[in-house]
Amino acid sequence: MTDTIRVRFAPSPTGHLHIGGARTALFNWLYARHNGGTFVLRIEDTDRTRSTDEYIEAIIEGMKWLNLEWQEGPFRQTDRFGVYRDYVEKLVQEGKAYHCYCSAEELEQRRHLAIAQGKPQKYDGRCRDLKDPVPGRNPVVRFRTPQQGETVVDDLIRGSVVFENSQLDDLIILRSDNTPTYNFTVVVDDVDMRITHVIRGDDHLNNTPKQIHIYRALGYEIPKFAHLPMILGADKTRLSKRHGATSVMAYYEMGYLPDALVNYLVRLGWSHGDQEVFSREELINYFSFENVGNAAAVFNPEKLLWLNQQYIMATPPEKLAELVTPFLVKETIIAEGQALDMAWLARAVKTLQERAKTLVELAKSLRYYIVEEVTFDEKAKEKFLNDKSLPLLKDLNNALASHADFSHAGLEPVFKALVEKHGVKLGALAQPVRVAMTGGTESPGIYEVLEVIGKEKALKRLEKAVSIIA
Ligand code: GLU
């Protein structure tokens, strides 16, 4: 264990927390937890046209839902513009950055020319050694990127990736409106926040050599890098909305458990033998970059659903009862703020949790337990609530009216005696009772159902069924 590991998640608040971002956050969180290190949250909101406070809230909401707690932050880059400008100034003073007066139109023209001549489309460096300012123009500040030799990114996942410096541009670090750019702010922040490991998506791999040059120019130690493999949809294109929900909170809405999603996300790139289901403790213990592959990972919604079911089955009913309550409101099974007997709800949940793949399914299946009057499936009603079942239901109603023990063990002999008396199979009684109790033909065992519904409601429903037939 070392307390010197410091990692960060640095989302741009230009959208909700999505699957890819959450996986990056998770790997940072796991690496910090595994090493007893510190996890920093930094909001990269320098793009003021696309960043919003709503998205910052949404990202934080997603992180909290997934239980990925951070120790420092959230820091906002827009609060730190003064810091970045000081660093820019320092580089300009030292001749490591320079003012560039080329206008956007000029750059565009030169770019077209370069394309026509088959030359590399990069800044031609004409302001590099300019002595005097160009009057009437607002300059940008460019970083003087070394043009000789190569830069090696030693990546914990990718191994050594070599970049030719001649391919790298003199990138703009301060725009003409005096706002700093991503590749610069990210280095300044990672330095200031003493980040030891930069763990992020591999869409940033090409930025890394540029950033390494900036570290060197500022005279700072270069952190370790780990670029996580891309996440693809089933058709092997980059994961996007076309492949289904990509926002983390959409999975909350669909009734997923945060631990199931975390378990799923970790397997997008990381493995531990062929184990599929992990507790958080196991993840923290086992996590290392050695077991992160560099091949792209394919997002598989069916597998996520399967995992969610595993988690629902393994969750204590008391806890599930709590988790399902907001979904009961959404499904309009209970009213907002309506109090339920939570111990009773846990008993109801226990009879259904083996079958529910999501909390939404669980909520829907709880409906007949909770509502006053069940809604009948017309086919089930026709098939099972009829003259044939009438005498059985009447008899059962009478028998149960004077019967106190509504437990499985207490109910079974009552049913047994009745089917014997009428000379029918158990199903001939159980199925009509099931329809009377639930409105449909599918439910847990009839004794469990009656046990949860309880005597008062059960008798009412039997009487209702009898009156429907008669
Ligand atoms: N703000 C960047 C993004 O959202 C992340 C940059 C980084 O992790 O270095 O893609």
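The numbers here are math on the coordinates, done by the rules we state, and not lab data. Since the structure is predicted, the reported quantities are computational estimates derived from the model, not experimental observations. Reconstructed Cβ throughout: ideal geometry from the backbone, glycine too, with neighbour counts over all protein chains shown.
For the chain, the longest principal axis of the alpha carbon atoms and the long axis of helix 426-438 meet at an angle near 60°. With the largest listed first and rounded to whole Å, the semi-axes of the equivalent ellipsoid of region 235-292 from the Cα gyration tensor are 23, 16, 8.
Given 25 °C and 0.890 mPa s, compute D for region 374-428 with the Stokes-Einstein relation, Rh being the Kirkwood radius over Cα pairs; round to the nearest whole µm²/s. Could the numbers behind the result be given before it?
Numbers: Rh = 12.4 Å.
Answer from the Stokes-Einstein relation: 198 µm²/s.
Each DSSP beta bridge with both residues in the chain is either parallel or antiparallel, and the antiparallel ones are about 50%. Only Cα pairs under 8 Å and 6+ residues apart enter the sum, and on that basis the relative contact order of the chain stands at 12 percent.
Quick check for me: using +1 on Lys/Arg Cβ and -1 on Asp/Glu Cβ, what's the dipole size of the chain about its Cα centre, in debye to the nearest 20?
On the way: 59 positive and 64 negative charges, 145 e Å.
Charge dipole of the chain: 700 debye, to the nearest 20.
Among the listed pairs Lys357/Lys416; Lys381/Lys460; Lys350/Lys383; Lys303/Lys383; Lys330/Lys388, give every one whose C-alpha distance is greater than 27 Å. Going by Cα-Cα distance, Lys357/Lys416; Lys350/Lys383; Lys303/Lys383; Lys330/Lys388 fall outside the 27 Å limit. Projecting each Cα onto the charge dipole of region 76-117 (Lys/Arg +1, Asp/Glu -1 at the beta carbon, about the Cα centre), which of Cys102, His112, Val88 comes out farthest on the positive side? Farthest towards the positive pole: Val88. Axis angle, to the nearest 10 degrees, between helix 342-352 and the longest C-alpha principal axis of the chain: 90 degrees.
Taking the Cα centre of region 305-428 as the origin and placing charges on Cβ (Lys, Arg +1; Asp, Glu -1), which of Ile312, Ala404, Phe384 is farthest toward the positive end of the dipole? Of the candidates, Phe384 comes out farthest on the positive side.
Farthest towards the positive end of the charge dipole of the chain, among the residues Pro444, Leu328, Leu168, is the Cα of Leu168, using unit charges on the Cβ of Lys, Arg, Asp and Glu.
Order of 319-331, 231-243 by packing, highest average Cβ count within 10 Å first?
Values: 319-331: 18.6, 231-243: 14.0.
Packing order, densest peptide first, comes out as 319-331, 231-243.
Report the percentage of all Cα-Cα pairs in region 1-106 whose separation exceeds 25 Å, rounded to a whole percent. The partial results should precede the final answer.
Working: 2084 of 5565 pairs.
When every Cα pair of region 1-106 is considered, 37 percent fall beyond 25 Å.
Dividing the summed helix terms, -39500 (n - 2.57) for each DSSP H run of n ≥ 4, by the number of residues in the chain produces a 222 nm estimate of -14500 deg cm²/dmol to the nearest 500.
From most to least packed by mean Cβ count within 10 Å, the peptides 428-435, 392-399, 114-121 give 428-435, 392-399, 114-121.
Note on region 161-312: Kirkwood hydrodynamic radius from all Cα pairs is 18.1 Å, rounded to one decimal.
Charge tally around Tyr55: other residues with Cβ under 14 Å, Lys/Arg +1 each, Asp/Glu -1 each, net -4. Each residue of region 410-424 was assigned a 3J(HN,Hα) from its phi angle through the Karplus curve 6.51 cos²θ - 1.76 cosθ + 1.60 (θ = phi - 60°); the sequence is x, 7, 3, x, 4, 4, 4, 4, 5, 5, 5, 4, 8, x, 10 Hz, with glycine and proline shown as x. The angle between the Cα long axis of helix 104-116 and the main principal axis of the chain comes to about 90°, on a 0 to 90 degree scale.
Summing Cβ point charges (Lys, Arg +1; Asp, Glu -1) relative to the Cα centre of region 1-114 gives a dipole of roughly 360 debye.
Can you check how the C-alpha radius of gyration of the chain compares to 2.2 N^0.38 Å, as a plain ratio? Don't skip to the answer; put the middle values down first.
Working: Rg = 31.7 Å, N = 470, 2.2 N^0.38 = 22.8 Å.
That ratio works out to 1.39.
Let me check I have the definition right: for region 323-470, take the eigenvalues of the Cα gyration tensor, multiply each by 5, take square roots. What are those semi-axes in whole Å, largest first?
Details: eigenvalues 147, 52, 37 Å².
Square roots of five times the eigenvalues give 27, 16, 14 Å.
A cut-off under 10 angstrom between Cβ atoms defines the neighbours of Ile157, and their net charge, with Lys, Arg +1 and Asp, Glu -1, is -2.
Scalar couplings 3J(HN,Hα) for region 194-205, obtained by applying the Karplus form with A = 6.51, B = -1.76, C = 1.60 to θ = phi - 60°, are 6, 6, 9, 9, 9, 10, 7, x, 7, 5, 9, 4 Hz; x denotes Gly and Pro.
The mean sequence separation of alpha-carbon pairs under 8 Å and at least six residues apart, normalised by the residue count of region 194-278, gives a relative contact order of 24 percent. Are there cysteines in the chain with no other Cys C-beta under 4.7 Å, and if so, which? Lone cysteines by the Cβ rule: Cys102.
Evaluate the relative contact order of region 335-470 (contact order divided by residue number), counting alpha-carbon pairs under 8 angstrom at least 6 apart; express in whole percent.
Details: 126 pairs, mean separation 45.0, N = 136.
33 percent.
Centre-to-centre, using Cα atoms only, region 330-402 and region 142-204 are separated by 60 Å.
The amide H of Ala97, built 1.01 Å from its N in the peptide plane, has Val92, Arg144 as neighbours under 5 Å, considering only residues 5 or more places off or on other chains.
Close amide-amide hydrogen proximity is noted between Arg8 and Val40, Ile199, each under 5 Å apart and 5 or more residues distant or on a separate chain (H modeled in the peptide plane; Pro and chain starts excluded). Coupling constants for region 456-470 follow from the phi torsions by the Karplus curve (6.51 cos²θ - 1.76 cosθ + 1.60, θ = phi - 60°), and in residue order they are 4, 5, 4, 5, 4, 6, 5, 4, 4, 4, 4, 5, 5, 5, 7 Hz; glycine and proline get x.
If only the Cβ of Lys and Arg carry +1 and only the Cβ of Asp and Glu carry -1, the dipole of region 102-172 around its Cα centre is close to 220 debye.
Gyration tensor over the Cα atoms of region 11-50: the corresponding equivalent ellipsoid has semi-axes (square roots of 5 times the eigenvalues, largest first) of 24, 12, 4 Å. For Leu228, the residues 5 or more places off, or on other chains, whose built amide H falls under 5 Å of its own are Arg200, Gly201, Asp202. Charge tally for Trp70 (other residues, Cβ to Cβ under 12 Å; Lys, Arg +1; Asp, Glu -1): +3.
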